[in-house]
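Beneath this line is the structure, given in C-alpha cells, with notes to follow.
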Amino acid sequence: MEILNAVRESVALKESRSYGPLIGHFEARKAVAEYSGVQDVTPDDVTICSGCSHAIDLVVTTLAEAGQNILPKLNWKVDLKSLENQIDENTVAIVVNNPSNPCGSVYDKEHLCEILDVASRNHLPIIADEIYEDFVFTNEQFVPIASLSKDVPVLTCSGLTKRFLVPGWRLGWVIIHDKNGILGKEVRKAMSNMSSRILGASTLIQQALPRILKCATHRSMYMMVEIKMSVFPEFTNELQFIKELCREQSVLCIPGH
C-alpha cells in the first residue's frame, strides 16, 4: 500500500508531468545508489532507464559497435577456459547474469572472483544483469559482483519489475562501478546521449522511487518454492513433476537449484 500511495502522491507533482533529465532525476538516482548496497556508489554513477531491458540495451549500444561482440554467460557455472578462449580483438564486454534466469544458478564469491580474474586479464568490463537479486533461497547468498571487483569496471543493470511486481511501470537503472576511472567520462556521456532516444524514463515513477525502494515487499512476480521430491515418489525426476503440475493445476514451474 505504501508503494501505491507513493505513486498516487507523485501524480500531483508538477515534476511528474514534464520531461526529466535524460539520466534521471537526482533524488531517484540517489535512492538507487543507496539501495545498491555497494560501497562508494554515488548518484553520478546511476542512469535511470525504462526498465532493466532498456538498461541492458543502453549499456550494450554504448559499449559495442557493429561487428563487435559481447560474450554471454554460460548456464550453471561459467566454463572459464571456454570463456577466455572466446575472447578476441572484437570482444568489448562479458555479460554475467546472476542470479540466472532461467537456470536458477546463484554464483558464490569464489566463482565471481574467477570471472573477474578473466575480465581483468583481458581488460574487459562486465555487464551484470542482477534483476533477480532478491530471488534466492534462504540457504543461498546473492553477492553483487561489483562489490568484489578491484580493477574491473562493472555496469550493473536492475529495476523494479521482478521484486515489486510492477512491469508496467518501466523503471530500471544502470550503475557504473568504476573506482579506477578506467571507462573515463566517455561512457557516461555516451549513455546520457543514448538515453535521449526515449527522452528519459517515467518521471511519475521516478518521483516515487525514493519511497518505493525503502519499502519491504512481500510479493513479487514469481514465487520461489523449494520442493522435496522425496515426498512425491511417483515422479522419478522434477521435470515429470512440473509437467503434471502444469497439466493438473495450470501452474507453470521452472526448475532451479
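The values are calculated or read from the model by the stated rules, or taken from the named source; none is laboratory data. Nothing here was measured: the structure is a model prediction, and the numbers come from that model. When we count neighbours, we look across all protein chains shown, and the Cβ atoms used for this are built from the backbone with ideal geometry, even at glycine.
Points worth noting:
- Number of positions in region 120-159 that are aliphatic (A, V, I, L, M) and over 21 Å from Ala55 (Cα atoms): 2
- Helices (runs of 4 or more DSSP H) (entirely within region 43-150) containing at least 2 residues that are under 30 Å from Leu204 (Cα atoms): 52-63
- All conditions but one from (1) out of contact with any strand residue (DSSP E or B) (no Cβ under 9 Å at 6 or more places or on another chain); (2) within 30 Å of Leu124 (Cβ to Cβ); (3) surrounded by fewer than 17 Cβ atoms within 10 Å (Cβ to Cβ); (4) at pLDDT below 95 apply to Asp151; the one that does not is (4).
- Region 31-65, residues that are hydroxyl-bearing (Ser, Thr, Tyr) and either in contact (Cβ under 8 Å) with a residue 60 or more places away in the chain or within 10 Å of Val174 (Cα to Cα) (or both): Tyr35, Ser36, Thr47, Ser50, Ser53, Thr61, Thr62
- Inside region 6-23, residues that are within 8 Å of Leu204 (Cα to Cα) and of a type in the set (S, T, N, Q) make up a count of 2.
- Residue in region 108-122 that is touching a Phe, Trp or Tyr at 6+ places or on another chain (Cβ under 8 Å) and either outside the structural domain of Gln206 (by TED's automatic domain parsing) or surrounded by 15 or more Cβ atoms within 10 Å (Cβ to Cβ) (or both) present: yes
- Beta carbons closer than 8 Å, at least 6 apart along the sequence or on distinct chains, pair a first residue in region 103-124 that is in contact (Cβ under 8 Å) with a residue 60 or more places away in the chain with a second that is surrounded by 15 or more Cβ atoms within 10 Å (Cβ to Cβ) and small (Gly, Ala, Ser) for Cys103/Gly256; Gly104/Gly256; Ser105/Gly256.
- Within region 202-241, the set of residues being surrounded by 13 or more Cβ atoms within 10 Å (Cβ to Cβ), at pLDDT below 90 and assigned to a helix (DSSP H, G or I) comprises just one member, Glu238.
- Taking the listed residues Lys179, Lys185, Lys162, the one that is part of a loop (DSSP other than H, G, I, E, B), in the same structural domain as Glu110 (by TED's automatic domain parsing) and either out of contact with any strand residue (DSSP E or B) (no Cβ under 9 Å at 6 or more places or on another chain) or small (Gly, Ala, Ser) (or both) is Lys179, with no other qualifying.
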